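Any read-out appearing in this document is the output of simple, stated calculations on the displayed coordinates, not a laboratory observation. Quick caveat: nothing in here was measured; it's all calculated off a predicted structure. Note that we place each Cβ from the backbone using ideal geometry, even for glycine, and neighbour counts take in every protein chain shown.
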Amino acid sequence: MKTKSKPQQEPAYRNPKLSVERRVKDLLSRMTLKEKVAQMLCIWQQKGNTLVDEKGRFDPQKARVHFKDRLGLGQVGRPSDAGGGRNAREMAELTNDIQKFFLENTRLGIPVVFHEECLHGHAAVDGTSFPQPIGLGATFDPELVRRLFEMTAAEARARGTHQALTPVVDVAREPRWGRVEETFGEDPYLVSRLGIAAVQGFQGDATFQDKQHVIATLKHFAAHGQPESGTNCAPVNVSQRILREVFLYPFKKALEEGGAISVMASYNEIDGVPSHASKWLLRDVLRKEWGFKGYVVSDYFAVRELNERPDLFGNHLAEDRAQAAALAVRAGVNIELPDPDCYPYLVELVRKGLVKERLIDELVAPMLAWKFRLGLFEDPYVDPAVAERIVGCDAHRELALQAARETITLLKNDSGLAPLNPHKIRTIAVIGPNADRQMLGGYSGVPKHCTTLLQGIRDRVGSSVEVLHHEGCKITIGGSWQQDEVTASNPTEDRKSIAEAVKVAEQADVVVLAIGDNEQTSREAWALNHLGDRASLDLVGLQDELIDAIAATGKPIVAVLFNGRPISIRNLAVKAAVIFECWYLGQEAGRALAEVIFGDINPGGKLPISIPRSVGHIPAYYNHKPAARRGYLFDDVTPLYAFGFGLSYTQFAFGKPRLKKSTIGKTESTTVRVDVTNEGSRAGDEVVQMYIRDKVSSVTRPVKELKGFQRITLAPGQTQTVSMEITPEHLAFYDIDMKHLVEPGEFEIMVGNSSRDQDLQTVLLRVK
C-alpha cells in the first residue's frame, strides 16, 4: 500500500509574515559556507564576462556558465554602465533579467542588490544631473538637498537600483585634493546637516514599500578629506580629538538622525591602520559605540590594497589577497566591492580555521536582512515604463534648475554692475574656455538636457542683444573627466587665441568671462594615469594672461567660475568687476546663470569652503585654533573669501542677537534670536549663520564653530525674526580627559551672514 507523501513545507525565510530576524536566521541555517561567501561578493567590471553581452544586454548563457554552482551573488555594481551605458528602459529591463536569473537559477533563490553612483543624481544615461555636492553645500538648504536626493532615489529605484554609493560626508580640509567637489564643504556641522538631509531623501522612512527609495551609503569612513600632501588616498595625520570632533561627527549624525543603512570604508590610513583593516574604527566606534546595525561596503579594490594593487600602490599589511580578506572581515567589512578579488579566499580561510564561520554569519546577516526589508524576495522587479516616464522628467529638471540657482554665489559686485540690464546693453562678449562647455564633474551621467553659459545667455536675451563668443584659451586639450591623459594646451596657440578674444571683447559693452577648472584639473585620482590632485591652486594654463588681456581693453568683466575646488584668484579679484562662484552647476547651468546675471534671480549662495589667497595659505579653513593664524611676512593670513561669505543684489541688516536665557545649566538649552531686514529694493535670500566660541576651556578650542544656520527669503522692506536653538550638544567638546561634555564658563554666540568677524555680532552666554 502506497503512502501519500506530505506536501513540502515552504521554508520560513520565504514567509513574509514572519519577522525579518526570523527569516534571516532560517535562511542562514540553510546556507552552505560557499553560499554565505557568495553574498559577500559583487560583480562590476566582470559583468561583460559573466552577465551581459557586448551591447549590455543580459546573456543567459554566460550567466549559466559562470554561476553553474548555483551559489548566488551579493551585489551587481552599476548595471547602468553595461555595454557603454543603458537608458532608463533598457536598464530596468536588464536589472529585471539579472534578478530573475538569480531568483530562478540559484539553490536558495536569494535576490541580488544593484548599486549605483548617485553623487549628484543617478550617474546614468538620461539621469537628471544636479549641482556637485560642493555646490549643494553653497545652498545651505537641507530641504532642497533632501528633495534633490529623493528625486535621485526615485530615478535610480525605477531602473532597479537598491543602493546608492552616496552621500559623501567627508569634511574637506585640503583644497589641493581633487575630490573636494564630492563633499559639502569644510565645516562638520554644515556637512552633517546636509548629509542627514541626503540620507532622508534617499531612504525616506526606510520601509521601502513605495519602491521609490534606496539605501544610502555614507562615505568615506573616515577622515578622507585631509590627505597628506593633498593626494587622494594618502595617510591622514590627525589626533583622536580632531578625528572625533571634525571628521567622525557628520557620520555619527547621519547615522543617529538620518538612519543611514550602509557605510563605505575609506582608502586612507589613520595612525598606520587603513580603514579597511581597522577594528577600532569599524567595530569599536561604528558598531559598539554608535550602535550601527547596517553593513559596511569596501571602497572599490580597497581590500586588495591591504596587500598590493598592481600599477598603483598597496598598504602591505597582508602578504597576499587571502590575508587581505582576513584582515577586512575581522575589521568588519561586510562585502567586497566591486569585483571578487579577495573575498573568494574566505571559504579556504574558514576551512583552515583562520577565520571563524560565525564571523561570516555575522557579516552576511545584515545584508540578508536588508534584502528582506527591501521586499526583494516578494517583489523584486521594476516596471520599465515607469523608469522611462520619470527619469529626467520635467519636474526633476525644474528642481535641477532651482538647485543651480541656489548654488550660485556672488563674491564681488563693484558699483552694482550686476545684474546686467539687457535693455541698456547692445553687445555682450562671452569669452573663456568654459563659456560653451558643459561641465558636470565626476560621477556624472549623460542627462537628457544640458545648457552651457553661452546658450543660456543667448536664450535669455534673444535678438535684442548681440552675443559674441570666443574661447580665449584652453585649460587642457580635451578635458573630460573620463580622459586619463591630461595634455597641456599649447602656449603659442593660446596667445594667438587670446589676441583674437581681445578683438571680440573690444566690440562689446561688457564681457562675461568663463574660466576656472575643467573636469581634468580637479577630479578623483584613481590611478597613476588618471590624476586630479594638484600642487597648486592657480588657474591652469594661460587663464591669468587672458584675464589681463581682457582687463586691458577697459571693458567691464563679469567673471563666472566653474571649478571643483577652491582656486587662487587674486588677480581676477582685482581685474573683474563681478565674480560669480558656480562650482559645477549640473545640467541647468546655462539657464540658471543667465537668470542670475540678468537679475531674474537674486543670487543667495554662500561659500561652503574658504577660498585661500594661494596654495601657500593652506590650511585655510575658518574654524582654526587661536594660535594658527598669527600672520605672514609680506602677505595677509586671511582667506581671500571666507567660509559662509556671499553677496546679494539687495542689502540685509542684522539686529542685535538676543538670548532667551543668557545663563543656563550644563544640561539646559536656550535660543538666540535675531531680526533680519531686507533694506534693498529686491527680494532675496540670506543665510543667517550662528557661530559659537568657548572663551576658556581645558583644551584649546576653535576661534569659532558653525552651530546653526537658516536660509530665509525676504521681500523688500520685510523683517523676519530668526530663532536658533543652542543645546548642550552645541557647547560640548572632548575635554582634556577625552570626555565629551559641557564645561562651565562663558560662550560667545556670534550671529551674522558669514564667518568673518566683521560680519558677526556677539552676545554672551554663561553656563554654570
Rounded, prolate or oblate (a/c below 1.5 giving rounded, otherwise prolate when a/b exceeds b/c) for the stretch 391-496 by Cα gyration tensor: oblate
³J(HN,Hα) across the stretch 235-242 via Karplus (A = 6.51, B = -1.76, C = 1.60, θ = phi - 60°), whole Hz, x for Gly/Pro? x, 10, 10, 9, 6, 5, 5, 5
Two-decimal Rg/Rh across the stretch 408-616, once Rg and the Kirkwood Rh are taken from alpha-carbon atoms: 0.94
Overall Cα dimensions of the chain - principal axes, largest extent first, Å: 105, 65, 48
PHE652 long-range amide H proximity, modeled H, under 5 Å: GLU679
Past 26 Å, Cα to Cα, is the threshold; run LYS34/LYS253; LYS739/LYS768; LYS17/LYS371 against it and keep the listed order. LYS34/LYS253
Compute the semi-axes of the equivalent ellipsoid of the stretch 198-260, taking the square root of 5 times each eigenvalue of the Cα gyration tensor, and list them largest first in whole Å. 30, 13, 6
Calculated FRET value between ASP53 and PHE634, using beta carbons and R₀ = 51 Å, to 0.05: 0.20
Rounded if a/c is under 1.5, else prolate if a/b is larger than b/c, else oblate: which is the stretch 621-700, with a ≥ b ≥ c the root eigenvalues of its Cα gyration tensor? oblate
Equivalent-ellipsoid semi-axes (√(5λ), Cα gyration tensor) for the stretch 24-390, whole Å, largest first? 29, 26, 18
For the stretch 618-768, just say rounded, prolate or oblate: build the C-alpha gyration tensor, square-root its eigenvalues into a ≥ b ≥ c, call rounded for a/c under 1.5, and beyond that prolate if a/b exceeds b/c, oblate if not. oblate
Calculated from DSSP helices alone, with each H run of at least 4 adding -39500 (n - 2.57) and the total divided by the residues of the chain, [θ]222 nm to the nearest 500 comes to -8000 deg cm²/dmol
For the stretch 24-390, what is the relative contact order in percent, using Cα pairs closer than 8 Å and at least 6 residues apart in sequence? 18 percent
Computed curve, the stretch 689-768, Cα-only Debye sum without solvent term, log₁₀ I(q)/I(0) at 0.16, 0.18, 0.25 Å⁻¹, is -0.64, -0.77, -1.27
Most exposed first by the Cβ proxy, i.e. fewest other Cβ within 10 Å, how do VAL502, VAL303, VAL637 rank? VAL637, VAL502, VAL303
Label-point separation (nm) for ASP735 and SER681, each offset 7 Å from Cα along Cα-to-Cβ? 5.7 nm
Alpha carbons only, please: Rg and Dmax for the stretch 238-358, in angstrom. 14.5, 42
Positive-end residue, the stretch 652-767 charge dipole about Cα centroid, Cβ charges, pick of GLY717, THR670, PRO744: GLY717
Residue span THR762 to GLN45: 0.36 nm per residue of separation minus Cα-Cα distance leaves a gain in nm of 252.6 nm
Using alpha-carbon pairs under 8 Å, 6+ residues apart, how would you state the relative contact order of the stretch 192-273 in percent? 44 percent
Going Cα to Cα from LYS25, which aspartates and glutamates come in below 13 Å? Please leave out same-chain ones fewer than 8 positions away. ASP361, GLU362
Given a Förster distance of 41 Å, report the FRET efficiency between GLU228 and GLN9 from their Cβ-Cβ distance, rounded to the nearest 0.05. 0.10
Full-extension gain in nm, ARG373 to ARG426, via 0.36 nm per residue minus C-alpha separation: 13.0 nm
Could you list the trypsin sites (Lys or Arg not before Pro) in the stretch 626-672 that lie in coil according to DSSP, counting only those with at most 15 other Cβ atoms within 10 Å of their Cβ? ARG630, LYS660, LYS661, LYS666
Inter-site label distance for ARG64 and LYS25 at 7 Å from Cα along Cβ, in nm: 3.9 nm
For ILE98, ILE390, what's the fewest-to-most ordering of other Cβ within 10 Å of each Cβ? ILE390, ILE98
Please report the spacing between the Cα centers of the stretch 643-677 and the stretch 389-466 in Å, no decimals. 34 Å
In this structure, among LYS36/LYS100; LYS661/LYS695; LYS219/LYS606; LYS424/LYS474, pairs with alpha-carbon gaps over 29 Å are LYS424/LYS474
Sort 680-688, 187-195, 285-293 by packing, meaning the average of other beta carbons within 10 Å per residue, with the highest value first. 187-195, 680-688, 285-293
Express the relative contact order of the chain as a whole percentage, based on alpha carbon pairs under 8 Å and six or more residues apart in sequence. 13 percent
Once you charge only the Cβ atoms, +1 for Lys and Arg and -1 for Asp and Glu, what is the size of the charge dipole of the chain about its Cα centre, to the nearest 20 debye? 2380 debye
Ascending count of other beta-carbon atoms within 10 Å, so fewest first, for ARG330, ARG304, ARG389, ARG534: ARG389, ARG330, ARG534, ARG304
